[in-house]
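Report on one structure; see the data block that follows.
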Amino acid sequence: MRKIFLKKINQIHILLLLIFINIFIYISHKLITKNFIYSTYEKDLQSFFVILNEVLFFLPFVLFYPLTSFLNTAFYAKKYIIKLLASLFLLLSVIIYISYYNHIFWLALFLNFLLALLNSFYFPIFYAYITKIAQKHLALKINLLIGISGALAILMAFGASSFSLNNKNEISDFINLIGLSFIALSLINLALSYKLSILQEKNIKYSLKKFLKKKLFLKNLKSIIKKPILFPSILGISVFLFLLESYMILFPIYVKDVLLEDDLFYIYLNFILLAIGFIFGSFILKRSSETYLEFGFIPLALSGSCILTLLLPHILNHFVVFFLFGFCGAFIIIPFFALIQFHSQTKKIQRVILINNFIQSSIILNCIIFIFLFAMTRFNINYIFYILASIAFIISLYIFKQLPFLLIRLLTSFSYFHHYKFLINGFENLSSQKGILLIGNRDSFLDWAIIQMIIPRKVHFIMGNNIFSPWYIKIFIEKFSFMSKNLKEGLKLLEKGEVVCIFTDEIKDDLENTISKQQIEIIPFHIKSIWGSSFSKDNEEFSLKNKYLSQKYICIAFDKKINSLCKTEIQECILKLSFKTWQMQCEATHTIARTWIDCAKKNLSRIALIDSLNNTSFTYREFLSLSLLLSKIIKNNSKALNIHFSRGSYAPKEECIGILLPISFENLLCNLSVLLSQKVIINLNHNDKNIYSIIKNSNIKQIYTSRFFFKNLDLDFNDKNIHLIFVEDTLKTIKEQKNKIFLYTLLISILPKSLLKLIFSPSKNNLAITNINFENNQGFMFNNRNILSTIMQISDQFNLRNDDIISSSFPSHAFFGFIMSFLPILTGTKTIINVNFKSKITNQITITCQEQNALKNYIQILNENAFINTRIILSDNKINQDIKEKFESKFKKRIFCVFGINELSPIISINTDQEKNNNLGHILDGIAIKIDEENSKNYLLNKHGTILLGGHQVMVGYLNDKKLTDETIKEIDGIRWYNTKKMGYIDENNSLHII
């Protein structure tokens, strides 16, 4: 399989080189003939020959459309046709060189026509060949590569032509040299064509007479024009190309007549910047759409190109205009070409590209004639720009009317001030042109818009009328009929080959009976956004959610088509897809250290942490600066102390560093700094009788602690070869280095987060072990993915708001406490440590996690209004039922019990059922449940059995115990499963019960 993939990549590289050579010769020859026109003829003749040169450049695509259509339809041996065209290309290059050497202008001018004629055959075959070897979901990437290759060729062509202008004394020799380079490149072109593999194709024979008599070329043209997506996409590319052609013709005239400049180098320099803008835009587009077709920026790009054309005569700095025009071009041509490929059948792609070339060339030729007529009448050139921009804008409005889904991203981004980056899995499953029924979960009230943003077809949604959107979006939805009120309407659309989407919470019992007999494709999907969506399913929650301007990741996984409409089976498919979305989320965030830099950079001036005991607070800027400085010190300490640790049989590769601190600002700072230094955290429990054994087993050589805290402990490390580092001394040293603090603060303030991560946290390995937690002298190893997955799942459960403040009394050596200390600072939520509920600031706490002893103490010392602003109170499942009831009775607040297993890092559910202690409630989203009935003993009912839990939370393994790890953790179908060895079952409400 790998060899086949590499072979396809190699073939694509050959085709890209072929197109580069072709376009370079094609454009260079056109520009050289234009240079000759400008340097030889007077003004009136200049205009005539320039127009003639442009006409010859596009005329063959229109004039010979029936012939090219016949030849592309009748012959399918693409490799041999490319060889033939490459041979003819070599012959033309030789003739071009002869025309250059002998200064035969008329021959050189006519060769533009012959080159265009060759390309009218070449381009459709090229696209058919590349579509045949590349999958449809790669259409955008392939077009990006084609666009960049073509833009580079044009850039080099303009560069070569402009260079000849500055060497007028040796212009003849230079042009001859270019002619020789054409021959050399044509030889390479011919050699590469022999490297192409032979594709398996049917050889369909047609007679030219029959083809012309039946007017099949006109039927093909009419069939494409009727296509609801193909024709508007072709028009979209045409809009940019005819504006570009107007620049090519009118801008030199404008420079000479209006600016009174006679420097062709200045003109060509502008077009060089246009090509650079196109390349730059292509790279931006590539970053925006790694896994799907990004077409959401087309409206802005089309409108921008029209506006730039209107402003061109009025802006003195034309370099900026041309660069931005090229930038817009990338966001028009590449996505539209990708849409054309995506919606074209592979066997008909040649026909589509032929018609695309015919329509675009016809429009451009009409543009050229229009410009020529106005130029002959000495019409004001500014008004010509205005007219062309207006025509382009009117065509753009028609395109938006035909493809209204292009406007969804623009409208939602404008309405809610959010930028999204989509991560898509299974996009290739959407390539069918038949009717598709999408069935998936609902993550927020904007999911309908999110689905439409990534699917390059209009999607009809079966939803109620409770759409929370501004009035103009509601009008837009009604105008273009995006919503279907019921299943019957959706069924009619499916029969017409449309795409219909329904969310699982909208599914009624009659779904299976209603459309089970229909021949449609059913594709399940799962949608999830990192750190939860800012848009709650509950519309009233929207104003309370985090609405900071930020880029949000939204992960969507599409399954292959299924044949069943059984609600249970669909839900199982969606559950399986949820693992893919969670995996994409974790991989997108990379590591905890990089996530911390991202979050801090986004919230630099906001308060990150308040120490209520010491009455101090730290902004994200201050806290990030301190953590980066301390991480540098930790690295230096390891080198200065010459620490060499011996790695165990099943242990992390990095050094393990102990942290022996109570709940405090210093504790959180040390934990973050150790991760930034790419070492492994072990939070030590001073009350653990096995502490010396833990230190020995994990090869800890340095421990960060507090002098004041340590002197009260009954611990002695003098004979253990342990280096104690007191945080007070380290922080004092940092505070004395004012210049370094200023430098780090400045870097954090001015550098982009990507550069900060590259400097301070270059590793992206989210599978690297970052934490080891101990219980009963047994070590549990966790990586970035384990911890980040847990934090994401809990933040989803909490439904975090913009004004939330979190506190926790769980120590960091308890893994739940470790997770709860990291959750606020990785989600941009304010946290309070050393909580004193008698102080005023603690009355602002909205989410708190409290141990049993702390709750017992609060019952005794606090009044009943202490938790009036607290909306979520958490404790572990070991809480005494009597204490729980007394607390709830006094403060009128529910306590939600967290159920955890160390091996699942560590939280698996938050139980909201206060009556049944054996009911763990709904397992956190992203954790799989399996009841292993076969290996269970003494179960009462068929559905009872051993509980297996799987997903991204399952730990790496037990420290220095690979045998036990292999016994308890198994990988099945790409999911790691942990055997809890506990008996249980899942009830009808999908809640997990332990027996």
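Bear in mind that the values in this text are calculations on the coordinates, not laboratory data. Since the structure is predicted, the reported quantities are computational estimates derived from the model, not experimental observations. Methodologically, a virtual Cβ is constructed for each residue, glycine included, from the backbone with ideal geometry; neighbour enumeration extends over all protein chains shown.
Each residue of the range 711-727 was assigned a 3J(HN,Hα) from its phi angle through the Karplus curve 6.51 cos²θ - 1.76 cosθ + 1.60 (θ = phi - 60°); the sequence is 5, 8, 9, 8, 10, 9, 10, 4, 9, 9, 6, 10, 9, 8, 10, 8, 5 Hz, with glycine and proline shown as x. Loop-located chymotrypsin sites (Phe, Trp or Tyr not before Pro) across the range 325-382 with a Cβ neighbour count of 16 or fewer within 10 Å are Phe379, with loop assigned by DSSP. Distance from the Cα centroid of the range 754-823 to that of the range 31-60 is 67 Å (rounded to whole angstrom). Coupling constants for the range 953-965 follow from the phi torsions by the Karplus curve (6.51 cos²θ - 1.76 cosθ + 1.60, θ = phi - 60°), and in residue order they are 7, 4, 4, 5, x, 7, 4, 6, 8, 5, 4, 5, 4 Hz; glycine and proline get x.
Measuring nothing but how far apart in sequence close Cα pairs (under 8 Å, 6+ apart) lie, relative to its length, the chain scores a relative contact order of 8 percent.
Counting neighbouring Cβ atoms within 10 Å and putting the fewest first, the residues Asp257, Asp973 line up as Asp973, Asp257.
Relative contact order for the range 595-911: 18 percent, from Cα pairs under 8 Å spaced at least 6 residues apart, divided by residue count.
For trypsin sites (Lys or Arg not before Pro), the sites in the range 823-853 that DSSP calls loop and that have at most 13 other Cβ atoms within 10 Å are Lys838, Lys840. In this rough spin-label picture, where each label sits 7 Å from Cα along the Cβ direction, the Lys963-Ile284 distance is 6.1 nm.
About the centre of its Cα atoms, the chain shows a dipole size close to 2160 debye [charges on the beta carbon of Lys, Arg (+1) and Asp, Glu (-1) only; nearest 20 debye]. With R₀ set to 56 Å, the beta-carbon distance separating Ser763 from His314 gives a calculated FRET efficiency near 0.65. P(r) tail, the chain: Cα-Cα pairs separated by more than 47 Å, 41% of all pairs. A cut-off of 5 Å between modelled amide H atoms, ignoring neighbours fewer than 5 places along the same chain, links Gly497 with Gly435. Cross-link pairs exceeding 23 Å between alpha carbons, from the set Lys635/Lys963; Lys401/Lys474; Lys580/Lys602; Lys856/Lys892; Lys421/Lys653; Lys632/Lys653: Lys635/Lys963; Lys580/Lys602; Lys421/Lys653. Please return the longest stretch of the chain lacking exposed loop sites, where GluC sites (Glu not before Pro) count only if DSSP places them in a loop and at most 11 other Cβ atoms lie within 10 Å. The segment 43-863 is the longest one with no such site. Restricting the trypsin sites (Lys or Arg not before Pro) of the range 299-387 to loop positions (DSSP other than H, G, I, E, B) with no more than 12 neighbouring Cβ atoms within 10 Å leaves Arg378. Only helical runs count toward this figure. For the chain, summing -39,500 (n - 2.57) over DSSP H runs of n ≥ 4 and dividing by all residues gives -18000 deg cm²/dmol at 222 nm.
For Gly957, nonlocal amide neighbours, meaning residues 5 or more places apart or on other chains whose placed amide H falls under 5 Å from its own, are Met781.
Around the amide H of Ile229, modelled in the peptide plane, lies no amide H under 5 Å away from a residue 5 or more places distant or on another chain. For the range 93-109, putting each phi into the Karplus relation 6.51 cos²θ - 1.76 cosθ + 1.60 with θ = phi - 60° gives couplings of 5, 5, 5, 4, 4, 4, 5, 5, 5, 9, 6, 8, 5, 4, 5, 4, 5 Hz, in residue order, rounded to whole numbers and with x for Gly and Pro.
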